[in-house]
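**Q** If you scroll down you'll find the structure; I have some questions about it.
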Amino acid sequence: MRDDTQCVTRAPVELEGYDSLTIPVHRASTIRYPNAESFAARFERGADGYVYGLYGTPTHRHLEYKITELEHGVRTVLAPSGQAAVTMAMLALLRGGERVLIPDTVYGPVRDFAVNELAALGVEATFYDPIDLDALASLIDRRTRLVWIESPGSVTMEVQDVPAIVALAKAAGAMTGCDNTWASPLNFRPLDHGVDLVVEALSKHFCGHSDVLMGSVTVRDDDLGYRLKAAFGRLGIGVSPDDCALVSRGIETMAVRLDRSSRSATSIVGFLGSHPLVESVLYPALPGSAGHAIWKRDFSGASGVFSFSLRREVSALAFPALDSLKLISIGASWGGTKSLIAPTSVRSSRTARPWTGADYLMRLSVGIENADDIREDIERFLAALTSEAVPVPQTA
Ligand SMILES: *Cc1c(COP(=O)(O)O)cnc(C)c1O
């Protein structure tokens, strides 16, 4: 063989005897076949067989397996973001003329997808009050194919009665899907409550380090799982093995991170709840808060993500006061090691359950820093609300 050919051929490396403690990254578009016959029969390899990079490598299988196991499901499909996991699942299931019911408190971009793309396809998306079961029951009709659930709701944290919603949907022959990103399967398992498909934005708690975008859809019915897998493949939806390895690594510490974040959040919530400048704290794990009873009944724990609002007298000063933060970053997303705050307006994105609270809610994602440092930073922010001096922006 000539040198230039040798440059491109594979070395005959022996895998026998090699068993890494870690998850190897298998990168591939092409999968090689031992002969022409097996290539011709490649689509008979089954949903877990290796056919083409888009349909997964052993690195993908490892992550799919881990998520399936944690969710108590039978199959998981991966998508390039949490948003894609929700929208691709809906596109795979919904047809023109059908109806999907979506909670008013759904993750904002999903609402936008419903009123744009779903509407253009002739799918009727109706938003429902997430905690009014009678209102929901009156909306479920024969055209209703899917009832979407997201609990607690984005930013405003309403906890939904998942078993009751599943019973209503089942009685009408509709499917249910649940966005479980806040809880993760470590704190709530929708499939155990009869939900048909559960979505996680893996970008949040699973990855845990704010550097990967990915989402998953897990089901407990094999046929449904196969249908989703086939539809995702036809739509060309796949994820990179490098990202899978990062999410798999994140899963190893997820329980430890969630435990730490929720403990810190509990102490910070207690501090905020008794602060004179804070109007309300929205955190289902807080005794006496809205939704606490259902959270306690169904969930085994909380994450470190919650919202709070400021008293009206100081709310106009919230933006400049946020600039006084030294540790907590201002930014979207959550579930990483670093604490984040996002001032969020929800009034314009509530149609079935109008929001009458403060214009801006402060959504806090408590990271794994020392809780005292996080609390001191929030104290700095609260102090800036009442100080006469205009806060000087941080330079470094
Ligand atoms: C962040 C988020 C998503 C979207 O996840 P991305 O990976 O950022 O697209 C979906 N649902 C909920 C509840 C989220 O918080």
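**Q** Name the pairs whose Cβ atoms lie under 8 Å apart, with the first residue in the stretch 84-102 and farther than 14 Å from Lys229 by Cα, the second in a strand (DSSP E or B) and of a type in the set (S, T, N, Q), and 6 or more positions between them or separate chains?
**A** Going by the 8 Å Cβ cut-off, the qualifying pairs are Glu98/Thr144; Arg99/Thr126; Arg99/Thr144; Val100/Thr126; Val100/Thr144; Leu101/Thr126; Leu101/Thr144; Ile102/Thr126.
**Q** Is there any pair linking a residue in the stretch 246-272 that is under 26 Å from Ser81 (Cα atoms) to one that is surrounded by fewer than 19 Cβ atoms within 10 Å (Cβ to Cβ) and of a type in the set (Gly, Ala, Ser), with Cβ under 8 Å and at least six apart or on different chains, and which?
**A** Leu258/Gly301; Asp259/Gly301; Ser262/Gly301
**Q** Further, regarding this structure: List every residue pair whose Cβ atoms lie under 6 Å apart, where the two residues are 6 or more positions apart in sequence or sit on different chains, the first residue falls within the stretch 105-116 and is modelled with pLDDT of 95 or more, and the second residue, located anywhere, is within 11 Å of the ligand (Cβ to nearest atom).
**A** Thr105/Gly153; Thr105/Ser154; Val106/Glu150; Tyr107/Ser154; Pro109/Gln83; Val110/Val86; Phe113/Thr87
**Q** All but one of (1) in the same structural domain as Arg142 (by TED's automatic domain parsing); (2) modelled with pLDDT of 95 or more; (3) away from the ligand (no atom under 16 Å from the Cβ) hold for Val86; which doesn't?
**A** Only one criterion is unmet by Val86, namely (3).
**Q** May I ask you to say which residue of Ser365, Ser315 is among the polar types (S, T, N, Q), surrounded by 15 or more Cβ atoms within 10 Å (Cβ to Cβ) and under 16 Å from Arg260 (Cβ atoms)?
**A** Values: Ser315 fails: under 16 Å from Arg260 (Cβ atoms).
Exactly one of Ser365, Ser315 is among the polar types (S, T, N, Q), surrounded by 15 or more Cβ atoms within 10 Å (Cβ to Cβ) and under 16 Å from Arg260 (Cβ atoms), namely Ser365.
**Q** Which helices (runs of 4 or more DSSP H) does the stretch 55-156 wholly contain that include 3 or more residues that are in contact with a strand residue (DSSP E or B) (Cβ under 8 Å, 6 or more places away or on another chain) and closer than 30 Å to Ala293 by Cα?
**A** By residue number, 58-71, 82-93, 133-139.
**Q** Using the structure shown, decide if Ala265 is modelled with pLDDT of 95 or more, of a type in the set (Gly, Ala, Ser) and buried (at least 20 other Cβ atoms within 10 Å of the Cβ).
**A** Answer is yes for this residue.
**Q** State whether one or more residues within the stretch 114-134 are within 16 Å of the ligand (Cβ to nearest atom), closer than 23 Å to Arg75 by Cα and assigned by TED's automatic domain parsing to the domain that holds Val100.
**A** Within the stretch 114-134, not a single residue is within 16 Å of the ligand (Cβ to nearest atom), closer than 23 Å to Arg75 by Cα and assigned by TED's automatic domain parsing to the domain that holds Val100.
**Q** When you scan the stretch 157-188, how many residues do you find that are assigned to a loop (DSSP other than H, G, I, E, B), touching a strand residue (DSSP E or B) at 6+ places or on another chain (Cβ under 9 Å), within 16 Å of the ligand (Cβ to nearest atom) and not aromatic (Phe, Trp, Tyr)?
**A** Summing the residues that are assigned to a loop (DSSP other than H, G, I, E, B), touching a strand residue (DSSP E or B) at 6+ places or on another chain (Cβ under 9 Å), within 16 Å of the ligand (Cβ to nearest atom) and not aromatic (Phe, Trp, Tyr) in the stretch 157-188 gives 7.
**Q** How many residues are buried (at least 22 other Cβ atoms within 10 Å of the Cβ) and either modelled with pLDDT under 95 or touching a helix residue (DSSP H, G or I) at 6+ places or on another chain (Cβ under 7 Å) (or both) when one looks only at the stretch 292-307?
**A** Number of matching residues: 4.
**Q** Any residue at all in the stretch 35-50 that is modelled with pLDDT of 95 or more, touching a strand residue (DSSP E or B) at 6+ places or on another chain (Cβ under 7 Å) and of a type in the set (Asp, Glu)?
**A** Checking the stretch 35-50: not a single residue is modelled with pLDDT of 95 or more, touching a strand residue (DSSP E or B) at 6+ places or on another chain (Cβ under 7 Å) and of a type in the set (Asp, Glu).
**Q** Looking at (1) within 10 Å of the ligand (Cβ to nearest atom); (2) assigned to a loop (DSSP other than H, G, I, E, B), find the lone condition where Val199 falls short.
**A** Single failed check for Val199: (2).
**Q** Another question about this same structure. On the basis of being crowded, with 21+ Cβ neighbours inside 10 Å, more than 17 Å from the chain's Cα centre (by Cα) and of a type in the set (A, V, I, L, M, F, W, C), does Leu146 make the cut?
**A** Details: crowded, with 21+ Cβ neighbours inside 10 Å: yes; more than 17 Å from the chain's Cα centre (by Cα): yes; of a type in the set (A, V, I, L, M, F, W, C): yes.
Against the criterion (crowded, with 21+ Cβ neighbours inside 10 Å, more than 17 Å from the chain's Cα centre (by Cα) and of a type in the set (A, V, I, L, M, F, W, C)), Leu146 qualifies.
The values are calculated or read from the model by the stated rules, or taken from the named source; none is laboratory data. None of the values given here were measured: they were computed from a predicted structure. Cβ sites come from the backbone with ideal geometry, for glycine too, and all protein chains shown count toward neighbours.
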